[in-house]
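Participant: Okay, here's the structure, questions in a sec.
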Amino acid sequence: MTFSSQEFKQQFPLFSQEENRGLVYLDNAATTQKPACVIDAIRDFYLHSNANTHRSSHRLARRATEMVEQVRAASARFLGAQSPREVVFTRGATEGLNLLANSLCRGLVAGDEIVLSTAEHHANLVPWQMLAVQYGLVLRFVPDANGVPQIERITEVLSPRTRVVSITGGSNALGFRTDLATLRATIAATSSAATSSQRDLRWIVDGSQLAAHDVVDVAAIGCDFFVCSAHKFYGPTGIGLVYGREELLRDLPPWQGGGEMITSVDLLASDYADLPHRFEAGTSSLAAIAGLGACLEFLGKQDRQGMAQYEHTLLAYLHDRLSQIPELELLSGPRNNLGIASFVHPRCAAIDIAQWLDGRDIAVRVGHHCAQPLLHAAGHTATVRASLVAYNSREDIDRLVAGVEELVLQLDDTTVPPVAADSGKDSAEAYSWQPDDLSKLDLDALRTQQNWQDRYRTLMRWAKVISRKDHIRTTEHLVQGCESSAWLVHRREAGVHRFAIDSDSRIVKGLGALMLSQIDGVSDDAVAPSQLHQIFDELGLSQQLSESRGNGFRALVERAFELMRA
Ligand code: PMP
């Protein structure tokens, strides 16, 4: 078999829709696009097989039940599990991790330890934090270098009290793979040298980012549990897989209770169903399971080795091209990487880069990628993440690089570098601020511009009238609800309201300037929030800015009016 990315891409109808012809989709680590067979399978399920499973005796119910169990068997083969009884369907990786955390912690006592890493997605961190509070457990973290876990040093945090090790198979923020072979060897050595209590150590791999790129083989990995979401490997949303070794699943208490997971129910107690159904309370995502079945068949037909090789070459090209952009700081490297390039620019906030690229129909992700501890340890609050899979091409990367280069050319020395919040100045100093001079901002000029690129440029220019004000960058003045940091201050002066704003994002500064051009210097009740939202809508900014950015503007407006009313 040989792998052709072009032919592969043709199987994804989203790309051939009129509005998506020019789309460069580099947000695959968040979710991949779906091949036609997956979309068809979901439709076919509703057309031909829709019925609830297991509970009923009619023809459609039998058909749906059969389909679910066939997909379970296919999932077991996909994961390298020994039996379909080892595969539990969940709504996604997040639910899978919550299931494991809740069920595994049920038997633990105060002082028992859970080992995680700094690179975990919040889905493999927050559930453990919640349970640590509930059961008095201790969370320990694999030693790291700038946030990157040093798996070879995990023995430093393993102890006789370690009960669970739950580690990502690879970082969704920076792309690096975890050295699972070393992890396996270390855990095996610890368990074999251990007393009987230590043999209770359970090992989970969060494989969410692995499955799109690697052939998964839980037996080869050697883990006790493995979790992933179908939507990350060309399948539908709403369906995830939990693999658990059968003898371990058998001993595990169920997490959620309800229909489907019981054999009999009394008023005070119930008997649970056999594996794996006791972990699947309620109606499963049946149509999504049908889609998953089609996805597994689709993947089974691909040259997975060829795909992996192709992605590897493409990722090297992506890193090579990005590394040639002056000043751009790459936080990822091409080796041992799950298709991700993560970067920042010292003179342009990550969100401004992503917003600019969106205007060029290039989809990347920006932010902390639900991995805040890792980004903080790496010294950042947000990065731009371009993540690729096998339908991406060199042309996609050329477009991305050209987009970034074009933006960088527009930057000048007045660009504000992203700065950590709260520079710690006292509030007396915070009152020494001066409002910026907004008199030259011309709203009509913005109104007459037809396309987003021009409006973006104008807003970036407007951002320049907002001076940098380190002394207002304190927690007290931080506006909650903005994706990037924004600080807003207010005072009354000669009967009118005066404001000043600062942000680490130029586009937020531009939006802030737009807002202040309407409310700075006005008297009580001269403007209403609805007028500002109307301007925002009129300018088409609501459609163009991401939802969170739109919400950020809303948060700024709300805060401004709150300050005026205070
Ligand atoms: N873990 C990792 C490493 C992930 O990348 C993600 C999704 N970004 C999750 C867990 C959670 O997956 P889901 O949102 O599908 O539940």
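The values are calculated or read from the model by the stated rules, or taken from the named source; none is laboratory data. Remember, predicted model here, so these are calculated numbers, not experimental data. No Cβ is skipped: glycine too gets one built from the backbone with ideal geometry, and neighbour counts run over all protein chains shown. Protein only, heavy atoms only, side chains kept; ligands, DNA and RNA dropped before computing areas. Shrake-Rupley method; radii C 1.70, N 1.55, O 1.52, S 1.80 Å.
Participant: So, how do all the Cα-to-Cα distances of the chain break down into 10 Å bins, in percent, from 0 on up?
Facilitator: Using 10 Å bins, I get a P(r) of 3, 16, 23, 22, 19, 12, 4, 0 for the chain.
Participant: If DNA, RNA and ligands are ignored and the probe is 1.4 Å, what is the ranking of Lys232, Lys469 by accessible area, most exposed first?
Facilitator: Reading off the accessible areas and sorting them downward yields Lys232, Lys469.
Participant: Using 7 Å Cα-to-Cβ label points, what is the Met130/Arg304 separation (nm, one decimal)?
Facilitator: 3.2
Participant: In terms of modelled amide H atoms, which long-range or inter-chain residues lie less than 5 Å from the amide H of Val115?
Facilitator: Amide H neighbours of Val115, under 5 Å, 5+ apart: Arg140, Arg163, Val164, Val165, Ser166.
Participant: Enumerate by residue number the GluC sites (Glu not before Pro) in the range 271-362 meeting two conditions: DSSP loop (anything except H, G, I, E, B), and at most 15 other Cβ atoms within 10 Å of the site's Cβ.
Facilitator: Glu327
Participant: With a point put 7 Å past each Cα toward its Cβ, work out how far Thr448 is from Arg250 in nm, to one decimal.
Facilitator: 7.9
Participant: Which ³J(HN,Hα) values in Hz, rounded to whole numbers, follow from the phi angles of the range 457-471 under the Karplus curve 6.51 cos²θ - 1.76 cosθ + 1.60, where θ = phi - 60° and Gly and Pro get x?
Facilitator: Karplus-based 3J(HN,Hα) across the range 457-471 equals 4, 5, 4, 5, 5, 4, 4, 5, 6, 8, 6, 6, 10, 3, 6 Hz.
Participant: If you take the beta carbon distance between Ser4 and Ala30 as r and set R0 to 30 Å, what does 1/(1 + (r/R0)^6) give as a FRET efficiency, to the nearest 0.05?
Facilitator: 0.75
Participant: A further question follows. From the backbone phi of the range 14-28, what are the Karplus-calculated ³J(HN,Hα) couplings (6.51 cos²θ - 1.76 cosθ + 1.60, θ = phi - 60°) in whole Hz, Gly and Pro given as x?
Facilitator: Whole-Hz 3J(HN,Hα) from phi for the range 14-28: 4, 6, 9, 5, 3, 6, 10, 4, x, 6, 10, 9, 10, 10, 6.
Participant: List nothing, just return the count: lysine pairs in the chain, 8 or more apart or interchain, with Cα separation under 25 Å.
Facilitator: 14
Participant: Compute the distance from the alpha-carbon center of the range 126-178 to that of the range 311-333, in whole Å.
Facilitator: For the range 126-178 versus the range 311-333, the Cα centre distance is 28 Å.
Participant: Just how many % of Cα pairs in the range 443-565 lie over 22 Å apart, if you round to the nearest whole percent?
Facilitator: 29
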